[in-house]
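**Q** Dropping the structure in here first, questions after.
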Amino acid sequence: MAKATFGAGCFWGVEEVFRTLDGVEETLVGYMGGSKERPTYKEVCTDTTGHAEVVEVTYDADKVSFDTLVDVFFNNHNPTQLNMQGPDVGSQYRSVIFYADDAQKAAAEEAKAALIASGRFKKDIVTAIEPAATFWAAEEYHQKYLMKRGMSSCHI
């Protein structure tokens with residue numbers, strides 16, 4: 001099993017998009033990229049910890065590729081919005097790919113460059129590509145939040 005970590009706004013919708021993909025074995029929502037150890041949702045929401053709301057995706061690379069996951073990421077949020085997605089505002093909602101190794105970094109950078117070259121967006125792509133840091137799982141009530149509430153057909 002391999003892991004990939006993505007931030008694209010509120011983690012509830014991001015998780016739902018990845019959770020339903022063939023080849024994805026597990027999703028966990030949480031926090032990455034900040035300075036505080038064991039941050040809570042309440043702390044991350046203050047926009048002072050530096051963490052992004054993220055989804056850690058555990059996947060079977062024989063069934064779904066990292067490239068496919070990156071395509072799903074870019075096709076299900078607006079990568080031109082700095083520190084926000086939809087009504088959610090703050091650096092915790094930033095567009096970010098946290099790479100686990102050099103291959104993931106190269107694939108993420110290549111996908112971002114291709115998206116820029118495509119001209120699909122008139123604004124600059126602001127998605128950050130950063131090395132993975134410690135993943136802190138969010139509180140249990142956030143896990144599979146939309147699925148638990150029968151809202152499984154959500155897009156980011």
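The values are calculated or read from the model by the stated rules, or taken from the named source; none is laboratory data. In this text, all values refer to a predicted model and were calculated from it rather than measured experimentally. With ideal geometry, Cβ positions are generated from the backbone for all residues, glycine too; neighbour counts draw on all protein chains shown.
**Q** Taking the condition of being under 21 Å from K105 (Cβ atoms), of a type outside the set (A, V, I, L, M, F, W, C) and more than 9 Å from the chain's Cα centre (by Cα), how many residues in segment 1-14 meet it?
**A** Adding up the residues that qualify gives 1.
**Q** Tell me the residue from L82, L69 that is buried (at least 22 other Cβ atoms within 10 Å of the Cβ), hydrophobic (A, V, I, L, M, F, W, C) and under 15 Å from I129 (Cα atoms), please.
**A** Being buried (at least 22 other Cβ atoms within 10 Å of the Cβ), hydrophobic (A, V, I, L, M, F, W, C) and under 15 Å from I129 (Cα atoms) holds for just one of L82, L69, which is L69.
**Q** Next question. Residue pairs, Cβ under 8 Å, 6 or more apart or interchain, first in segment 71-91 and without any contact (Cβ under 8 Å) to a residue 40 or more places away in the chain, second assigned to a loop (DSSP other than H, G, I, E, B) and surrounded by 18 or more Cβ atoms within 10 Å (Cβ to Cβ). List them.
**A** Final answer for the pair search is N83/R94.
**Q** Given the condition in contact with a helix residue (DSSP H, G or I) (Cβ under 8 Å, 6 or more places away or on another chain), farther than 15 Å from F18 by Cβ and modelled with pLDDT under 95, answer yes or no: does some residue in segment 139-148 qualify?
**A** Yes, there is a match, as at least one residue in segment 139-148 is in contact with a helix residue (DSSP H, G or I) (Cβ under 8 Å, 6 or more places away or on another chain), farther than 15 Å from F18 by Cβ and modelled with pLDDT under 95.
**Q** Looking at segment 82-130 only, could you name the residues that are in contact with a Phe, Trp or Tyr (Cβ under 7 Å, 6 or more places away or on another chain) and not polar (S, T, N, Q)?
**A** M84, I97, K105, A107, A108, A111, L115, I129, E130 - these are the residues of segment 82-130 that are in contact with a Phe, Trp or Tyr (Cβ under 7 Å, 6 or more places away or on another chain) and not polar (S, T, N, Q).
**Q** Out of segment 7-47, which residues are of a type in the set (A, V, I, L, M) and within 20 Å of D60 (Cα to Cα)?
**A** V14, V17, L21, V24, L28, V29
**Q** Can you name the residue in segment 45-60 that is more than 17 Å from L82 (Cα to Cα) and within 16 Å of the chain's Cα centre (by Cα) and is also surrounded by the fewest Cβ atoms within 10 Å (Cβ to Cβ) among such residues?
**A** T58
**Q** Now for a separate question. What is the residue count in segment 92-124 for residues that are within 17 Å of D71 (Cα to Cα), out of contact with any strand residue (DSSP E or B) (no Cβ under 8 Å at 6 or more places or on another chain) and surrounded by fewer than 17 Cβ atoms within 10 Å (Cβ to Cβ)?
**A** The qualifying residues number 11.
**Q** Could you say which residue among V29, V17 is within 14 Å of the chain's Cα centre (by Cα) and assigned to a helix (DSSP H, G or I)?
**A** The match here is V17.
**Q** While we're looking at this one, here's another question. Return the residues of segment 53-91 that are of a type outside the set (A, V, I, L, M, F, W, C), out of contact with any strand residue (DSSP E or B) (no Cβ under 8 Å at 6 or more places or on another chain) and over 17 Å from E110 (Cβ atoms); say none if nothing qualifies.
**A** Matches in segment 53-91: D62, K63, T80, G86, P87, D88.
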